[in-house]
Amino acid sequence: MQQSGLVDCVDIRMGDLMKKTAVGIKMTHRIVALLACLAIASISACSVTAETADPLPSWTDGAVKQKIEQFVGKVTTAGGADFVPPEGRIAVFDNDGTLWSEKPWVEGEFMKYQIKQAAIRNPAKRDIQPFKAALDNDQEYLENAGWPVIVGTARTITAKRTREEYDAEVVDFFAGARHRRFDVPYQQTIYQPALELIWFLRANGFSVYICSGGGVDFMRMISGEFYGIESDKVIGSSLKKELHRVAGKWMLVTTDAVNVFNNKDKKAVSIDLHIGKRPLLVMGNVGGKGDLGMLGYSQSRDGLSLQLLVNHDDERREFAYAEEDNESLHEAETNGWTVISMKEDWSLIYPSR
């Protein structure tokens, strides 16, 4: 954000952003103005004055919003003490609980869908658990069985399938899946303030990445449409793949062996492997302690940096939860990270429905 009050727009593909409207997401007039400016940036440069468009309209006017805007202003002001050239402006976001609601875990719901589809394809499995529970939508059984059973079964189903087969199943899942509590497509459980922050950062020369414990293949199928983040800027967990000739074509076939489980401290390792630079900004969330490593890794860079931690404290509009020992919040207090209260700092959580 330049001190002149103008925000230089950057190249974001029209297709990725405009798809958001296809599922009925209604933007405020100010966001539509900013979105239009971003979408045409690849054709001609444009600027948005601070007087005509607030880049973070779903953020409550207060200390957190002010800190974000001041930080961006400092690192983008040429000649300033904290100026960072565009190639060093790296922003990394967690996904689950940071960009969209993680209750229920969306990829976990997809795994249940995979198990159900496997039972439909193979009648011999229909009376075998957990296939029977998935087919009968027996959430009680699935919850009692736990994620090790669900993840392990889904991994077995994914093994020996091509990348294209997996991708098609992800598309089919999102075509009909709805959030259990809110009864809306999952795209409507994206956090509107997080989207605005992504757009704001990109408009100021930041490269924006996702680094999550979720499956990289799963996230890459939606990152462009949901967040405007290109698939090659998504880092996540993965199974090993092998190259095989299938029906005359060379195809990547998934195995059941874990390639990387991208969680906790591993996120910092993966950031270095895929990006090769310490992030200037990292945003994660409380709930599983999964983001502490990359938050600390970002803070340890030379010069100014910003660490944001989403606190799920709004039971009415979303959910309220944290770790039993509140380690993430304690680490934030100890290290001076910025805690985002969903209840106090976000005037709007989800896009208008």
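The values are calculated or read from the model by the stated rules, or taken from the named source; none is laboratory data. Note that the structure is a prediction, hence the values are computed from the model and not measured. Neighbour counts are summed over all protein chains in view; Cβ atoms, including those assigned to glycine, are modelled from backbone coordinates with ideal geometry.
Would you say VAL92 is at pLDDT 95 or above, outside any helix (DSSP H, G or I) and touching a strand residue (DSSP E or B) at 6+ places or on another chain (Cβ under 6 Å)?
Answer is yes for this residue.
Taking TYR113 as meeting all but one of (1) outside the structural domain of LEU195 (by TED's automatic domain parsing); (2) of a type in the set (Ser, Thr, Tyr); (3) not in a helix (DSSP H, G or I), write down the number of the exception.
So TYR113 meets the others, but not (3).
With respect to PHE83, is the statement that it is of a type in the set (A, V, I, L, M, F, W, C), surrounded by 17 or more Cβ atoms within 10 Å (Cβ to Cβ) and either assigned by TED's automatic domain parsing to the domain that holds ALA320 or not in a loop (DSSP other than H, G, I, E, B) (or both) true?
no
Just to be sure, is ARG178 crowded, with 20+ Cβ neighbours inside 10 Å, among the charged types (D, E, K, R) and at pLDDT 95 or above?
The answer is no for ARG178.
Within the group LYS65, LYS74, LYS132, which residue is in a helix (DSSP H, G or I) and either exposed (fewer than 13 other Cβ atoms within 10 Å of the Cβ) or outside the structural domain of TYR227 (by TED's automatic domain parsing) (or both)?
Matching residue, one of LYS65, LYS74, LYS132: LYS132.
Can you tell me which of GLU327, GLU323, GLU318, GLU333 is more than 22 Å from SER212 (Cα to Cα) and either without any contact (Cβ under 8 Å) to a residue 40 or more places away in the chain or surrounded by 15 or more Cβ atoms within 10 Å (Cβ to Cβ) (or both)?
GLU333
At pLDDT below 95, among the aliphatic types (A, V, I, L, M) and outside the structural domain of ASP291 (by TED's automatic domain parsing): which single residue out of ALA145, ALA154 fits that description?
When all the criteria are applied, what remains is ALA145.
Give the stretch 169-198 a look and list any residue that's outside any helix (DSSP H, G or I), of a type outside the set (Asp, Glu) and under 24 Å from ILE115 (Cα atoms), or say none.
ALA177, ARG178, HIS179, ARG180, ARG181, PHE182, VAL184, PRO185
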